[in-house]
1. So residue 274 clears everything in (1) touching a residue at least 40 places away in the same chain (Cβ under 8 Å); (2) open to solvent by less than 10 Å² (accessible area, probe 1.4 Å) except one condition, right? Which one?
2. For segment 128-139, enumerate the residues that are open to solvent by less than 10 Å² (accessible area, probe 1.4 Å) and over 16 Å from residue 196 (Cβ atoms).
3. Inspect segment 167-178 for any residue being surrounded by 21 or more Cβ atoms within 10 Å (Cβ to Cβ), among the aliphatic types (A, V, I, L, M) and free of Cβ contacts under 8 Å to residues at least 40 places away in the same chain and give the result as yes or no.
4. Tell me, which residue of segment 277-307 that is in contact with a helix residue (DSSP H, G or I) (Cβ under 9 Å, 6 or more places away or on another chain) and polar (S, T, N, Q) is surrounded by the most Cβ atoms within 10 Å (Cβ to Cβ)?
5. Would you be able to tell me the number of residues in segment 170-185 that are closer than 18 Å to residue 144 by Cβ and not in a strand (DSSP E or B)?
6. Looking only at residues that are hydroxyl-bearing (Ser, Thr, Tyr) and outside any strand (DSSP E or B) in segment 124-160, which one is nearest to residue 95 (Cα to Cα)?
7. So which of 10, 17 is modelled with pLDDT under 95 and in contact with a helix residue (DSSP H, G or I) (Cβ under 8 Å, 6 or more places away or on another chain)?
8. Of the residues 96, 24, which is touching a Gly at 6+ places or on another chain (Cβ under 8 Å), of a type in the set (A, V, I, L, M, F, W, C) and within 23 Å of residue 114 (Cβ to Cβ)?
Amino acid sequence: MERAAVEIDGSVMEGGGQILRVSAALSCITGSAIKITKVRAGRSTPGLRPQHLSGLQLVSDLCSGSLQGATIGSTDISLTPGKIQSGNHTADTQTAGSVCLLLQVALPCALFADASSQLCLKGGTNAEMAPQIDYTVKVFKPIIEKFGVHFDCDIRMRGYYPKGGGEVAVTVNPVKELQPVIMTERGNITKIYGRAFVAGVLPYKLAKDMSSAAVRTIRKEIKDLYINIQALQEKEMACGNGNGIIIIAESSTGCVFAGSALGKKGVYVDKIGIEAAEMLLRNIRHNGCVDEFLQDQLIIFMALAKGTSRIRTGAVTLHTQTAIHIAERLTQAKFTITKSEDELSSNVTYIIECEGSGATNTHL
């Protein structure tokens, strides 16, 4: 007798693609069938977009699953997972849909395969409404490695809005189980660096202007650190025209934060540089250990780990609350969030604690 599919309301809380990504990955890992209704119901274009569809197809491919309702615009989907398959898997959004979001859904699944997996992900590498690939490599990767995860990411081609055309090759090694992570002490910020880039026909001067504006903004608040934001012109390795900036800060205890922004038509480049700098400053002011964008990406790993994880953060985002809601529906993990007053700063931080479900890789 097969277990009935777990029903998930795709319109709750954040109500977007994240519900799909966390649900599909956990379905694949736990072996529970899922049925998601009202997919992205509150969005201006409800239902599956190309981006979400390619992510679901990738997971279904990874776990030899059966996927129903997988068409553009569909608001109801169901996934019945099979055995997780290592080897080569390709996903192509055929738009500027983010390769980083494809990785978000595929990486947890590939960890529970019987051997290493090669993922070829195509789409936008530096896209709006998603982490830039530089964020994935420089911020997400070192922190996720604390759970015992190992993956390599080779950026073969950068792709920008609206064409996409980017490609990254990712190799993921399987794990027996994930270790819990404790990140509660931030320490001091020791290093600030980044890259401001232009690609295609855009002039190099724009990259320099973004970098200078960002450095000036950070200097107002952080006076004693050398800030190295390289201005780069991408010629060979980029598809389409684009510009943007990502600035990374590292702390003495191994915490990593970032602020980023992408160029838009009719927006002065100084403004792009300032926007990224202000985002970074906002994320290091609260004295937490992760920024607002990493917070929700860690939930699935905390839920799967064996043991108790504790992470100090700034305000808990709706994305994070949504990821916790789904993780608790589909695993035995238990999360608690406690407010923690900080003597060192006037800002409130929160401790996200998780008693992980201790998922084990039965294929190893």
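1. (2)
2. Residues satisfying the conditions are 136, 139.
3. No, segment 167-178 contains no residue that is surrounded by 21 or more Cβ atoms within 10 Å (Cβ to Cβ), among the aliphatic types (A, V, I, L, M) and free of Cβ contacts under 8 Å to residues at least 40 places away in the same chain.
4. My answer is 297.
5. Going through segment 170-185 one residue at a time, the tally reaches 8.
6. 125
7. It is 17.
8. Answer to the selection: 24.
The values are calculated or read from the model by the stated rules, or taken from the named source; none is laboratory data. None of these values were measured; they are calculated from a predicted model. Cβ sites come from the backbone with ideal geometry, for glycine too, and all protein chains shown count toward neighbours. The area values use the complete protein model at the heavy-atom level, side chains included, leaving out ligands, DNA and RNA. Shrake-Rupley method; radii C 1.70, N 1.55, O 1.52, S 1.80 Å.
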